[in-house]
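Asker: First, the structure itself, so that you have it in front of you.
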Amino acid sequence: MPNLFGPKKMTDIMIIAPCTGNTIAKLVNGITDTPVTMAAKSHLRNNNALVIAVSTNDALSGNASNIGTLLNRNNYFFVPLRQDNPITKPRSLVFDPEYLVKTLEYALEKEQIQPILL
């Protein structure tokens, strides 16, 4: 399988779906110890859009600051998200798959689809 990432610039956009809280934390802190984080780092180096489809139980607690950090960085774009189950999992957020393609289209134009929170 050929290497699609790196200096050859063979990708225009990349999506991490689902993107766990652990992966979000690694992206924020520049940790590249998995194939996903290594591919993301290489992809971002080429100034390309990286789409994040959040799915984590601690998005409104431990990972809230990490999500906020990525929202403020260039080339990170989020699929609109919502609370998973506010009664039994009050800190959990998940992306809405109905917005996946539209988010990719916007991200290719370097725009964040709105609203982010559903």
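Asker: Answer yes or no: is there a residue in the range 86-103 that is closer than 22 Å to Thr11 by Cα and in contact with a His (Cβ under 9 Å, 6 or more places away or on another chain).
Answerer: Within the range 86-103, not a single residue is closer than 22 Å to Thr11 by Cα and in contact with a His (Cβ under 9 Å, 6 or more places away or on another chain).
Asker: Which members of the range 29-39 meet the condition of being touching a Ser or Thr at 6+ places or on another chain (Cβ under 8 Å) and surrounded by 17 or more Cβ atoms within 10 Å (Cβ to Cβ)?
Answerer: Across the range 29-39, the qualifying residue is only Thr37.
Asker: Scanning for something among the charged types (D, E, K, R), part of a strand (DSSP E or B) and touching a residue at least 12 places away in the same chain (Cβ under 8 Å), does the range 85-95 turn up at least one residue?
Answerer: yes
Asker: For the range 66-91, give me each residue that is over 20 Å from Gln114 (Cα atoms) and either crowded, with 16+ Cβ neighbours inside 10 Å or in contact with a helix residue (DSSP H, G or I) (Cβ under 9 Å, 6 or more places away or on another chain) (or both).
Answerer: If the condition is that a residue be over 20 Å from Gln114 (Cα atoms) and either crowded, with 16+ Cβ neighbours inside 10 Å or in contact with a helix residue (DSSP H, G or I) (Cβ under 9 Å, 6 or more places away or on another chain) (or both), then Arg91 is the only one that fits.
Asker: Let me ask something else. Working carefully through the options Leu104, Leu100, find the one that is surrounded by fewer than 21 Cβ atoms within 10 Å (Cβ to Cβ), in contact with a Phe, Trp or Tyr (Cβ under 9 Å, 6 or more places away or on another chain), farther than 15 Å from Gly21 by Cα and touching a residue at least 40 places away in the same chain (Cβ under 8 Å).
Answerer: Leu104
Asker: When you go through (1) buried (at least 17 other Cβ atoms within 10 Å of the Cβ); (2) at pLDDT 95 or above one by one for Phe5, which number turns out not to apply?
Answerer: Unmet condition: (2).
Asker: Consider Ile113 carefully, then state whether it is assigned to a loop (DSSP other than H, G, I, E, B), modelled with pLDDT of 95 or more, surrounded by 12 or more Cβ atoms within 10 Å (Cβ to Cβ) and of a type in the set (A, V, I, L, M, F, W, C).
Answerer: Yes; evaluated as a whole, the condition is true for this residue.
Asker: Looking at Ala59, is it more than 18 Å from Met14 (Cα to Cα) and within 13 Å of the chain's Cα centre (by Cα)?
Answerer: yes
Asker: With respect to Thr23, is the statement that it is farther than 16 Å from Ile113 by Cα, modelled with pLDDT of 95 or more and surrounded by 19 or more Cβ atoms within 10 Å (Cβ to Cβ) true?
Answerer: Considered against the rule, which asks whether it is farther than 16 Å from Ile113 by Cα, modelled with pLDDT of 95 or more and surrounded by 19 or more Cβ atoms within 10 Å (Cβ to Cβ), Thr23 comes out as yes.
The values are calculated or read from the model by the stated rules, or taken from the named source; none is laboratory data. Small disclaimer: the values here were computed from a predicted structure and weren't measured. No Cβ is skipped: glycine too gets one built from the backbone with ideal geometry, and neighbour counts run over all protein chains shown.
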